[in-house]
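What follows is one structure encoded as structure tokens, with my remarks underneath.
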Amino acid sequence: MAHIIVFGNEKGGSGKSTSCMHTATALARSGQRVGALDLDLRQRTFTRYLENRTDYAAKHDVSLPTPRVMGLPKVDRAELDEGENPFDKSLALAVAELEADCDFIVIDCPGSHTRLSQVAHSLADTLVTPLNDSFVDFDLLARIDPETQQILGPSVYSEMVWHARQLRAKAGLRAIDWIVLRNRLGAQEMHNKRKMGRALDELSRRIGFRVAPGFSERVIFRELFPRGMTLLDLRDIGISNLNLSNIAARQEVRDLIRALNLPSVEVAF
């Protein structure tokens, strides 16, 4: 069975699709067979990123390791069993087809609560939740006292992850390895960073996730999207003279893949 990596966050603007794209292409570059599913049926950022990559490679005649992107198949409601949800069926069919020839399936969920997102979380072997390094986004995980910063209780998103874990346990599947990425870390605001770090560490012990460093706020990530490129592709497209910011950003990608601790993956890019 393929190892399923789900990127989920019910708030937009956390760098979710960027993290998802860099993970999927990094795995492809390491020799893994990678399938890609985009469950954000409206924005389709992950899909557009991969389409841009394919278009760029064809136009410039370059070979780029690329995940196999697949759309959700249409389901004939007349063929559904009684009480069966068409979104559940469509996602199950897509995963089954990709599992036939993929080592990993990377799924990008929308920045909102949907049925597809809920089901995808229950399929995750690895769940990655990118989070902007602020208490505005921390609210996605838990409610916090504004005066004492004490954690009052889990959020609806954390409760959804807990429910997904329960479903997997009942089905006899491996436990979800949940990772929270601290994205868009700024160079300043050290006091806020420390407070966020303490709050995440405490919450991680209470509800069971790992904390990993994500991507800093860099212009290069926005510039790469129209060509479908990632920081690991720069030399392939003739950019060999990297500046210090680009080198540091590329190292962040390597650190992310190592932090995921995926089976049979060696970081050799």
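The values are calculated or read from the model by the stated rules, or taken from the named source; none is laboratory data. Values in this document were obtained by computation on a predicted structure and should not be read as measured data. In this analysis, Cβ positions are derived from the backbone assuming ideal geometry, glycine residues included, and neighbour counts consider all displayed protein chains.
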(1) assigned to a loop (DSSP other than H, G, I, E, B); (2) at pLDDT 95 or above; (3) within 27 Å of Asp137 (Cα to Cα): which one isn't true of Pro110, the others all being true? (2)
Identify, by number, the condition in (1) among the small types (Gly, Ala, Ser); (2) at pLDDT below 95; (3) under 20 Å from Val180 (Cα atoms) that Ser63 doesn't meet. (3)
Considering each residue of segment 98-135, count those that are touching a strand residue (DSSP E or B) at 6+ places or on another chain (Cβ under 6 Å) and of a type in the set (Asp, Glu), and give that number. 3
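With touching a Leu at 6+ places or on another chain (Cβ under 8 Å), modelled with pLDDT of 90 or more and not in a loop (DSSP other than H, G, I, E, B) as the only criterion, which of Arg182, Arg168 stands out? Before you say what the answer is, go through the steps one by one.
Working: Arg168 fails: touching a Leu at 6+ places or on another chain (Cβ under 8 Å).
On inspection, the qualifying residue turns out to be Arg182.
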Go through the residues of segment 123-146 one by one and say whether even a single one is at pLDDT 95 or above and part of a helix (DSSP H, G or I). yes
If Gly83 meets every condition in (1) in contact with a Pro (Cβ under 7 Å, 6 or more places away or on another chain); (2) at positive phi apart from one, which number is that one? (1)
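Hey, among Arg143, Arg77, which residue is surrounded by fewer than 17 Cβ atoms within 10 Å (Cβ to Cβ), free of Cβ contacts under 8 Å to residues at least 24 places away in the same chain and under 30 Å from Ala199 (Cβ atoms)?
Values: Arg77 fails: under 30 Å from Ala199 (Cβ atoms).
One residue alone meets the criteria, Arg143.
Rundown of residues vs (1) modelled with pLDDT of 95 or more; (2) in a helix (DSSP H, G or I), yes/no style:
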{"position": "Arg48", "(1), (2)": "yes, yes"}
{"position": "Glu51", "(1), (2)": "yes, yes"}
{"position": "Asp55", "(1), (2)": "yes, yes"}
{"position": "Leu72", "(1), (2)": "no, no"}
{"position": "Leu93", "(1), (2)": "no, yes"}
{"position": "Ala96", "(1), (2)": "yes, yes"}
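Mind telling me which of the residues Thr47, Thr25 ends up being in contact (Cβ under 8 Å) with a residue 40 or more places away in the chain, among the hydroxyl-bearing types (Ser, Thr, Tyr) and more than 27 Å from Ser155 (Cα to Cα)?
Answer to the check: Thr25.
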Tally of residues being surrounded by 15 or more Cβ atoms within 10 Å (Cβ to Cβ) and at pLDDT below 85 across segment 241-263: 2
Asp255 versus (1) under 23 Å from Ile105 (Cα atoms); (2) more than 18 Å from the chain's Cα centre (by Cα); (3) of a type in the set (Asp, Glu): which is the lone unmet condition? (2)
Quick check on my filter: what residues within segment 1-46 are touching a Cys at 6+ places or on another chain (Cβ under 7 Å), surrounded by 23 or more Cβ atoms within 10 Å (Cβ to Cβ) and in a loop (DSSP other than H, G, I, E, B)? Gly8, Leu39
